[in-house]
Amino acid sequence: MQKDSFNKFKTLIHKSNHIVIVTHFNPDGDAMGSSLALYLYLTKIGKKTTVITPNDYPEFLQWLPGNKKVITYHNQQKKSANIIQKSDLIFTLDFNNYSRLEGLGDLLKQSSAKKVLIDHHQQPDNYATLMFHDVKASSTCQLVYEFICGLGGKKLIDKSIAACIYTGLMTDTGSFRFDSVTSSTHQILADLLQTGIKPHEIHSAVYDTYSESRMKLLGYCLTEKMVVLSEYHTAYISLTANELQQFHFQKGDTEGVVNYPFSIKGIKFCAFFSELDGKIKISFRSKGKFDVNQFARHYFNGGGHINAAGGRGNSNSLEKTIEEFLKLLPKYKTKITKS
Ligand code: 5GP
Ligand code: MN
């Protein structure tokens with residue numbers, strides 16, 4: 001954990017004229033919730049601020065307050081480059097190494113702006129002037145809440161900011177059920193509810209948005225594609241590009257699929273492989289002490305948290321990637337099953 005002093009953060013923010021907030025590739029609820037909450041707060045205290053995402057994010061996050069002001073690097077490269085060039089302070093939220101930004105990472109490397117990292121993933125790189133980092137935090141949204149309060153802005157947390165923070169807390173904790181949830185998570189939630197946000201509306205806006213084909217894709221994954229390896233307390237699901245196409249895949253459609261096998265008694269390690277844009281995207285989840293951050297980092301060019309991580313195949317072949325994964329299981333059997 002490294003949390004620099006609020007006085008230092010205050011000075012840096014006070015001195016800045018153009019602030020940029022960036023978050024990771026394929027932004028999720030925590031990435032967008034934390035970025036937009038911080039954006040709304042900084043704007044409220046009179047700071048010129050822009051949120052730039054590396055690429056598009058799912059429609060079920062596009063209702064978030066402030067969403068219309070977001071710039072997507074993938075679609076607006078020149079504009080993004082200009083804004084970053086002019087900025088003197090860049091917040092990097094919900095990730096901790098530039099490789100998570102894809103092309104946008106080069107713009108940050110070239111920029112002389114001061115960087116502030118707010119994040120809860122393992123093993124941060126060393127690019128930030130100041131850090132607000134805690135792997136124990138349930139979400140980056142939880143950290144952004146603490147950050148705003150630490151700067152003395154608690155009274156400025158209105159319904160819009162609260163809705164953004166609630167969204168990230170909800171999506172990164174599996175709706176408040178993961179091990180990362182603590183009494184302070186619930187205390188924060190209580191404070192957020194005081195602003196008048198309606199939890200049922202936010203849950204619906206994020207989760208009750210499946211298209212018919214997304215629902216059928218989930219059914220297909222569970223009935224046709226789930227492989228349970230009881231001996232290893234492990235299950236995995238894989239989808240080829242053709243299968244995704246068959247179900248009219250839209251960004252976000254496979255989010256959460258990786259977790260379903262956990263509902264089977266005894267399953268402690270889940271993996272999900274998909275062939276996207278010619279590459280193999282992998283999600284790993286574990287229950288207990290088996291560290292999927294290390295596993296993803298070591299074998300699959302990825303990382304994340306102890307119980308939730310992602311990575312990429314070493315080749316562009318789905319079959320080969322799964323083969324590599326299967327070969328590793330005997331080595332980790334004890335770690336998986338004992339945890
Ligand atoms: P997901 O499986 O939902 O894509 O990601 C699970 C967690 O691992 C998230 O917290 C995400 O930020 C992180 N993660 C996903 N892919 C990567 C990756 O390629 N590299 C790193 N370092 N983290 C990742
Ligand atoms: Mn997160």
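Fewest to most neighbouring Cβ within 10 Å: what's the order for Ser16, Ser230?
Ser230, Ser16
Please compute the net charge surrounding Asn259, taking Lys and Arg as +1 and Asp and Glu as -1 over other residues with Cβ under 11 Å from its Cβ.
Surrounding charge for Asn259 is +2.
Give me the net charge of Ser339's neighbourhood, meaning all other residues with Cβ under 12 Å from the Cβ of Ser339; Lys, Arg count +1, Asp, Glu -1.
+4
For the chain, what is the charge dipole size about the Cα centre, in debye to the nearest 20, if Lys and Arg each add +1 at the Cβ and Asp and Glu each add -1 at the Cβ?
So the magnitude is around 880 debye.
Using modelled amide H (1.01 Å from N, peptide plane; none on Pro or chain starts), what sits under 5 Å from the amide H of Leu276, excluding residues fewer than 5 places away?
Correct list: Lys281.
Would you please give the residues with an amide H less than 5 Å from that of Gly302, counting only those at least 5 places away or on a separate chain, with H modeled from the backbone geometry?
Excluding prolines and chain starts, which carry no amide H, the hits are Arg297, Arg312.
Just want the ordering: Ile197, Ile264, from fewest to most Cβ atoms lying within 10 Å of their own Cβ.
Listed from fewest to most nearby Cβ atoms, that is Ile264, Ile197.
Across the stretch 248-258, in residue order, what do the Karplus-derived ³J(HN,Hα) couplings come to in whole Hz, using 6.51 cos²θ - 1.76 cosθ + 1.60 with θ = phi - 60° and x for Gly and Pro?
6, 3, 10, 3, x, 5, 9, 4, x, 4, 4
Give me the number: length gained by fully extending Gln246 to His298, i.e. 0.36 nm times residue separation minus the C-alpha to C-alpha distance, one decimal in nm.
Length gained between Gln246 and His298: 15.4 nm.
Return the whole-Å distance between the Cα centroid of the stretch 42-79 and the Cα centroid of the stretch 1-39.
So the separation of the two Cα centres works out to 13 Å.
In sequence order, what are the phi-derived ³J(HN,Hα) couplings for the stretch 230-239 according to the Karplus relation 6.51 cos²θ - 1.76 cosθ + 1.60 with θ = phi - 60°, rounded to whole Hz, with x for glycine and proline?
Taking θ as phi minus 60°, the curve returns 3, 4, 9, 6, 10, 9, 9, 10, 9, 9 Hz for the stretch 230-239.
May I ask for the distance between the Cα centers of the stretch 306-339 and the stretch 244-287, given as a whole number of Å?
Using only Cα atoms, the two centres lie 13 Å from each other.
Pop out the ³J(HN,Hα) list for the stretch 315-323 in order, Karplus 6.51 cos²θ - 1.76 cosθ + 1.60 with θ = phi - 60°, rounded to Hz; leave Gly and Pro as x.
Residue by residue, the stretch 315-323 yields 10, 8, 9, 5, 4, 4, 4, 5, 4 Hz.
In the stretch 124-203, with Lys and Arg counted as +1 and Asp and Glu as -1 at Cβ, which of these residues, Leu143, Phe176, Gln187, has the Cα nearest the positive end of the dipole, that is, farthest along it?
Gln187
So what is the orientation-averaged projected area of the stretch 82-155, using the convex hull of its C-alpha atoms, in nm²?
5.5 nm²
Counting each pair of different Cα atoms once, what's the Kirkwood radius of the stretch 204-324 in Å, rounded to one decimal?
For the stretch 204-324, the Kirkwood estimate is 14.7 Å.
Among Thr50, Thr254, Gly66, which residue has its Cα positioned farthest towards the positive end of the charge dipole of the chain, with +1 placed on the Cβ of Lys and Arg, -1 on the Cβ of Asp and Glu, and the dipole taken about the Cα centre?
Towards the positive end, the residue furthest out is Thr50.
Can you tally the net charge around Asp208? Count Lys and Arg as +1, Asp and Glu as -1, for every other residue whose Cβ sits under 15 Å from the Cβ of Asp208.
-3
Using the 10 angstrom Cβ neighbour count as an exposure proxy, how do Ser315, Ser112, Ser87, Ser35 rank, fewest first?
Ser112, Ser315, Ser87, Ser35
Give me the angle, in degrees from 0 to 90, between the Cα long axis of helix 159-172 and the longest principal axis of the Cα atoms of the chain, rounded to the nearest 10.
30 degrees
Can you give me the relative contact order of the chain as a percent, contacts being Cα pairs under 8 Å and 6 or more apart?
13 percent
Report the full-extension gain for the segment Ser183 to Tyr210: residue separation times 0.36 nm, less the Cα-Cα distance, to one decimal in nm.
Between Ser183 and Tyr210, full extension yields 6.6 nm more.
Just how large is the dipole of the stretch 206-339 about the Cα centre, in debye to the nearest 20, putting +1 at every Lys and Arg Cβ and -1 at every Asp and Glu Cβ?
700 debye
Name the lysines eligible as straight-distance cross-link partners of Lys265: C-alpha to C-alpha under 28 Å, and not fewer than 8 places from it in the same chain.
Lys136, Lys216, Lys225, Lys281, Lys287, Lys289, Lys327, Lys331, Lys333, Lys335, Lys338
Where a number appears in this text, it was derived from the coordinates with a stated rule and is not lab data. Worth saying up front: this structure is predicted, and the values here are computed from it rather than measured. Neighbour counts run over all protein chains shown; Cβ positions are idealised from the backbone, glycine included.
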